[in-house]
Amino acid sequence: MINIILLYNLFPWFLLSLVIGLAVILFLKMEKIRELNSYVTHLKKSLDEIDEQAKLILRTDIELNKTQEELDKKITALYALQRISREISKTLDETKIFAQIQESHLEDIGFEKALAFLWNEKNKRFNPILNIGYGAKEIESIVLQLDNNFYLKLMENNETLSSFSLADQQLNEKIKNLFKVNSFIIAPLLPKEGSQGFLFVGTEITDTLLTAGNEELINILANQISQALENARLFEKTWQAQQELERKVEERTIQLSSALEEIKLISKRKSDFVSAVSHELRTPLTSIKGYASILLSEKLGQLPLAVKERLDKINRHSDELARLVNDLLDISRIESGKVTMKQEILNLKEILEEIKDLMNVQLKEKNIEFSYELSSDAEYVLADRQQLNRVFINLVGNAIKFTPPQGKISIKTHSLENKMCQIDVSDTGIGIPQESIKAIFDEFYRIDNPINQRVKGTGLGLSLVKHIVEAHGGNIWVKSKLNEGSTFSFTLPKP
Amino acid sequence: MRIGIGISRQTDISSALQEAFWQAKTQLEEKKITLCLLFSSPEFASLSLLKTLHIYLPHTPIIGASTFGIILSSHIYRHSLAICLIHSENSKISVAKVQDIRKKSALIAGQELGKKLLEDFRGEKRDFAMVFCDGMLEEGSRLILGLQEILGTSFPVTGGSASDNLKFKQTYLYFNDELLTDAAVGVLWGGKIVFNLSSRHGWKPLGKSRTVTQSKGNIIQEIDNQPAINLYKDYFAKEIPFLKKDLKYISTLYPMGVYLEGEKEYLLRNILSIEEDGSLVCQGDIPNNSTIRLMIGTKDSCISASQQATEELMKEFSFSTLITKKIDIVFIFNSVSRYVLLRRLAEEELKTVQTTIQKNISDKSIYQSLDIPMIGFYTYGEHAPLKALYYQGRSHFHNQSIVLTAVGD
């Protein structure tokens, strides 16, 4: 080949064609490289564009995540608030209200430190009542450094304070330094009952951004606490008042029952005394009366008229005294339960006829009309005959005594429910003043009126009647109008 | 294996402990307790808690950690205390602790923990290690590295970092009757047991790939020959002070992803802090020349990742024809970042895990109940092996991940 080239002297041609060929190849390669270059440039551009898009995505994503976190925090905070509210609203014990606020709740609301103070008017200082995140010494120093007037003013104005809304930077820093936090909210606790104070929450975390929303949240919490405090205090007050009342009732009951015991004792002593004295009186009385009777019978010799008159008086007075003593003795016997009432079926008509006979002389003397009217279902009573006689003698006797001549005494009976029978003894007498009605059955009570001043009486009659009626299980009362008459009513069991 | 779990929300430490302990104890009846796990909110972390528990269980190894939230079945318990008592006849267990990690360096501490765990394990078959470490530790990945230098480079490690109430200030570890900080505790598990581990995060890469051009351990100094922070400045169009303010979001929601060949997901690295010179301090190592991407997580991708992790966990037991392969408990170590991202959907994620487990065992007659006990906690960092063949199952320190560990005997 070389020989041929050399032979035909074709070398220049060969060289030329080689160069051309190479040039073509080079050109083609260059084209390819250019093409590749533009492709790479294109790719690079795309990649850069994608990277730019990545930047956009990241910037959007971080904002999105932050917003979402904020939202999540808010929701968590609201949940926590709801939990606290539920817990403290259930609490009626003031000391336990603050114990319901726990670190985890606080953390959910976005804070890790909290203090609550209540103003103590006596000591003129704020007392810490809630502490989360502080040591005992730290609290002590905070209390000492608290500007009381400032916080009292805050409470007075019902003002909420926070590190982001406080315009006074100097004050802002002062509060931050005092509580050792980077952000804070202070809300007043204003229960309408009892001592007031304020709630402080704060966080050391620097990237916590407080918003008006946080402030509102803490305000709601403070309100809830105040409400709970108020409820607890009102409850405590009511409860204490009730306790006090119960205590007083108990105290009075004890006093009364001891008084009652005392009265019973005195009453018993009196009965014992009366009974003893009566017995002692009766013996000499009997001999006085006996001797007087003997003397009066003139068996021991004639008596001058004057002596006879005096002896007569002795005899009469002795009789009165004997009656008095007997009545007294009866009352004390009935009182002490020593006398048992016999349960006889008595015909009232029979008894009243007897009484009429017995009283006939006196009735005639004053020309008093005596009548009785028995209801058909109230003719019989269950009672002790002798005692019932005494009741009627006393009542009718009194009626005669206080009824002016030409007056009327009437006795009526009627049946009551529960197998009782009511007996009314009415007269047209002088009547009983209203103020005396209550005391009329008391022993030795005598109404202050001209008849009583003139006519002697023991003051034991009605008392004895009352005792007898009550010993039968009945009642006695009186209705009276001054100058018109009185009605004594009593009840007795029916057979 | 028998499991007893107790939980208490009481605020008083000793009554909470009593309540949780007796709940757990009664479920175990009189059976011997092989291991006790204790998880609690940081406010419970006290010496008295551990001393009292140690009185209850004087001869039982106790390990645990403080946490933002305890996971129990599909529920999250905050401000609580949980006790998990395990009785296992076929397990061989050894526990150990290491303290003063910062002074010793994380690598040395990891080695020390490995050696201590092995002390009682001579000649025994060992299966996996569960390690809890201080959540404030910046070099979590070096601790795992040191541990694996002793236990074997592809030895599976699971667990996570302790956490606090998102204050990122102080986390605690529990070891027998000791309350520890700046420490790590671990349990080495062996014997005739079945187990499987899985982990996922669900974060997706976004934007261009970048290359780490200068880094040292867990600190990235330059990316594409520029100060590392420029990456975030550029993407978020914000200056450093604003980035620092939003670091909580940036760190949890938009971490850096390290590309690992053959792995399905990027290895995530949270940013702990931004240095003055624009360097980024990460929770875990990022080697020089790593290809990295900015990552983004969504609620959906996060939950579906958990489902994938559960499917993967159960695959081993699902296809097995061996009747003995029955799991008794599932441990969950879940990143707080996931909680921050999911927020009110957080329990949804756990429900997904629970139903996926139930779905996978529903046709197995060896299970008397579909309710496999699930317990764990929210972490500031997770430990789990990588699956790709290329990494020979080597465990790593993760962020933003859910780590599942199923065990049975």
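The values are calculated or read from the model by the stated rules, or taken from the named source; none is laboratory data. Note that the structure is predicted; figures quoted are calculated from it, not measured. Positions of Cβ are backbone-derived with ideal geometry, glycine not excepted, and every protein chain shown enters the neighbour counts.
Here are the criteria: (1) farther than 21 Å from B:SER209 by Cα; (2) within 10 Å of chain B (Cβ to nearest Cβ). Tell me which single one A:PHE27 does not satisfy.
In the conditions (1) farther than 21 Å from B:SER209 by Cα; (2) within 10 Å of chain B (Cβ to nearest Cβ), A:PHE27 misses (2) alone.
Determine if the range A:110-120 includes at least one residue that is over 30 Å from B:PRO205 (Cα atoms) and surrounded by fewer than 18 Cβ atoms within 10 Å (Cβ to Cβ). Explain how you work it out, then say what you get.
Quick first cut of the range A:110-120, residues over 30 Å from B:PRO205 (Cα atoms) only: A:110-120.
This time we only want the ones that are surrounded by fewer than 18 Cβ atoms within 10 Å (Cβ to Cβ), so: A:120.
Yes - at least one qualifying residue is present in the range A:110-120.
Mind listing whichever residues of the range A:83-109 are within 12 Å of another protein chain (Cβ to nearest Cβ), of a type outside the set (D, E, K, R) and over 35 Å from the mean Cα position of the chain (by Cα)?
A:SER104, A:HIS105, A:LEU106
Taking B:GLN214, is it of a type outside the set (Lys, Arg), out of contact with any Lys or Arg (no Cβ under 9 Å at 6 or more places or on another chain) and away from chain A (no Cβ under 14 Å)?
yes
If I go through the range B:198-211 residue by residue, how many of them are more than 14 Å from chain A (Cβ to nearest Cβ) and either more than 29 Å from the chain's Cα centre (by Cα) or on the phi > 0 side of the Ramachandran plot (or both)? Before the answer, list the steps.
Keep residues of the range B:198-211 that are more than 14 Å from chain A (Cβ to nearest Cβ), which gives B:198-202, B:211.
Still in the list and also either more than 29 Å from the chain's Cα centre (by Cα) or on the phi > 0 side of the Ramachandran plot (or both): B:202.
Counting residues in the range B:198-211 that are more than 14 Å from chain A (Cβ to nearest Cβ) and either more than 29 Å from the chain's Cα centre (by Cα) or on the phi > 0 side of the Ramachandran plot (or both) gives 1.
Are there any pairs with C-beta distances below 7 angstrom linking a residue in the range B:106-134 that is more than 15 Å from B:THR158 (Cα to Cα) and buried (at least 24 other Cβ atoms within 10 Å of the Cβ) to a residue that is at pLDDT below 90 and charged (D, E, K, R), with the two at least 6 apart or on different chains, and if so which?
Once the first residue is more than 15 Å from B:THR158 (Cα to Cα) and buried (at least 24 other Cβ atoms within 10 Å of the Cβ) and sits in the range B:106-134, its partners that are at pLDDT below 90 and charged (D, E, K, R) give B:ALA106/B:GLU139; B:ALA106/B:ARG142.
Would you check which residues across the range B:217-239 are touching a residue at least 12 places away in the same chain (Cβ under 8 Å) and within 14 Å of another protein chain (Cβ to nearest Cβ) and list them?
If the condition is that a residue be touching a residue at least 12 places away in the same chain (Cβ under 8 Å) and within 14 Å of another protein chain (Cβ to nearest Cβ), then B:ILE223, B:ASP224, B:ASN230, B:LEU231, B:TYR232, B:TYR235, B:PHE236 are the ones that fit.
Condition first: among the charged types (D, E, K, R), in a loop (DSSP other than H, G, I, E, B) and more than 14 Å from chain A (Cβ to nearest Cβ). Now tell me which residues in the range B:240-283 satisfy that.
Result: B:GLU261, B:GLU263, B:LYS264, B:GLU265, B:GLU275, B:GLU276, B:ASP277.
Residues to consider are B:THR171, B:THR181, B:THR211; find the one that is β-branched (Val, Ile, Thr), farther than 28 Å from B:PRO42 by Cβ and modelled with pLDDT of 90 or more.
Working: B:THR171 fails: farther than 28 Å from B:PRO42 by Cβ; B:THR181 fails: farther than 28 Å from B:PRO42 by Cβ.
On inspection, the qualifying residue turns out to be B:THR211.
How about the range A:400-437: which of its residues are under 15 Å from A:TRP477 (Cα atoms) and outside any strand (DSSP E or B)?
Those that are under 15 Å from A:TRP477 (Cα atoms) and outside any strand (DSSP E or B): A:GLY431, A:ILE432, A:PRO433, A:GLN434, A:GLU435, A:SER436, A:ILE437.
Residues that are in contact (Cβ under 8 Å) with a residue 40 or more places away in the chain, assigned to a strand (DSSP E or B) and either within 16 Å of B:LEU179 (Cα to Cα) or of a type outside the set (Ser, Thr, Tyr) (or both): does the range B:9-30 have at least one?
No, the conditions are met nowhere in the range B:9-30.
So in the range B:291-336, with the set limited to residues that are at pLDDT 90 or above and of a type in the set (Ser, Thr, Tyr), which one is nearest to the chain's Cα centre (by Cα)?
The selected residue is B:SER335.
Among B:ILE327, B:ILE292, which is the only one that is within 30 Å of B:ASN90 (Cα to Cα) and either surrounded by 23 or more Cβ atoms within 10 Å (Cβ to Cβ) or among the β-branched types (Val, Ile, Thr) (or both)?
On the way: B:ILE292 fails: within 30 Å of B:ASN90 (Cα to Cα).
Checking each option against the conditions leaves just B:ILE327.
Tell me which residues, restricted to the range A:286-310, are touching a Ser or Thr at 6+ places or on another chain (Cβ under 9 Å) and either touching a residue at least 40 places away in the same chain (Cβ under 8 Å) or hydrophobic (A, V, I, L, M, F, W, C) (or both).
Listed by number, the residues that qualify are A:ILE288, A:ALA292.
Which one of A:LEU58, A:LEU78 is of a type outside the set (D, E, K, R), surrounded by 14 or more Cβ atoms within 10 Å (Cβ to Cβ) and within 9 Å of another protein chain (Cβ to nearest Cβ)?
Numbers: A:LEU78 fails: within 9 Å of another protein chain (Cβ to nearest Cβ).
So the residue among A:LEU58, A:LEU78 that is of a type outside the set (D, E, K, R), surrounded by 14 or more Cβ atoms within 10 Å (Cβ to Cβ) and within 9 Å of another protein chain (Cβ to nearest Cβ) is A:LEU58.
If you go through the range B:260-285, how many residues are of a type outside the set (S, T, N, Q) and closer than 24 Å to A:ARG59 by Cβ? Explain how you work it out, then say what you get.
Our first condition is that a residue be of a type outside the set (S, T, N, Q); within the range B:260-285, this holds for B:260-269, B:271-272, B:274-278, B:280-282, B:284-285.
Still in the list and also closer than 24 Å to A:ARG59 by Cβ: B:266, B:268-269, B:271-272, B:274-275, B:278, B:280-282.
Qualifying residue count for the region: 11.
Of the numbered conditions (1) within 14 Å of chain B (Cβ to nearest Cβ); (2) acidic (Asp, Glu); (3) out of contact with any Gly (no Cβ under 6 Å at 6 or more places or on another chain), A:GLU121 satisfies every one except a single condition; which is it?
That leaves (1) as the condition not met.
I'd like the full set of residues that are away from chain A (no Cβ under 14 Å), over 22 Å from the mean Cα position of the chain (by Cα) and under 18 Å from B:THR52 (Cβ atoms), limited to the range B:1-20.
Narrowing the range B:1-20 to residues away from chain A (no Cβ under 14 Å): B:1-7, B:14-15, B:17-20.
Now narrow it down to the ones that are over 22 Å from the mean Cα position of the chain (by Cα): B:1-2, B:14-15, B:17-20.
Scanning the range B:1-20 gives B:SER14, B:SER15, B:LEU17, B:GLN18, B:GLU19, B:ALA20.
Determine which member of the set A:LEU78, A:LEU118 is in contact (Cβ under 8 Å) with a residue 40 or more places away in the chain and more than 30 Å from A:ASN149 (Cβ to Cβ). Give the steps one after another, and end with the answer.
Values: A:LEU118 fails: more than 30 Å from A:ASN149 (Cβ to Cβ).
Sole residue among the options that is in contact (Cβ under 8 Å) with a residue 40 or more places away in the chain and more than 30 Å from A:ASN149 (Cβ to Cβ): A:LEU78.
Which ones in the range B:37-96 are in a helix (DSSP H, G or I) and within 14 Å of chain A (Cβ to nearest Cβ)? Full working, then the answer.
Taking the range B:37-96 as the starting set, the residues that turn out to be in a helix (DSSP H, G or I) are B:42-44, B:47-56.
Across the range B:37-96, the qualifying residues are B:PRO42, B:GLU43, B:PHE44.
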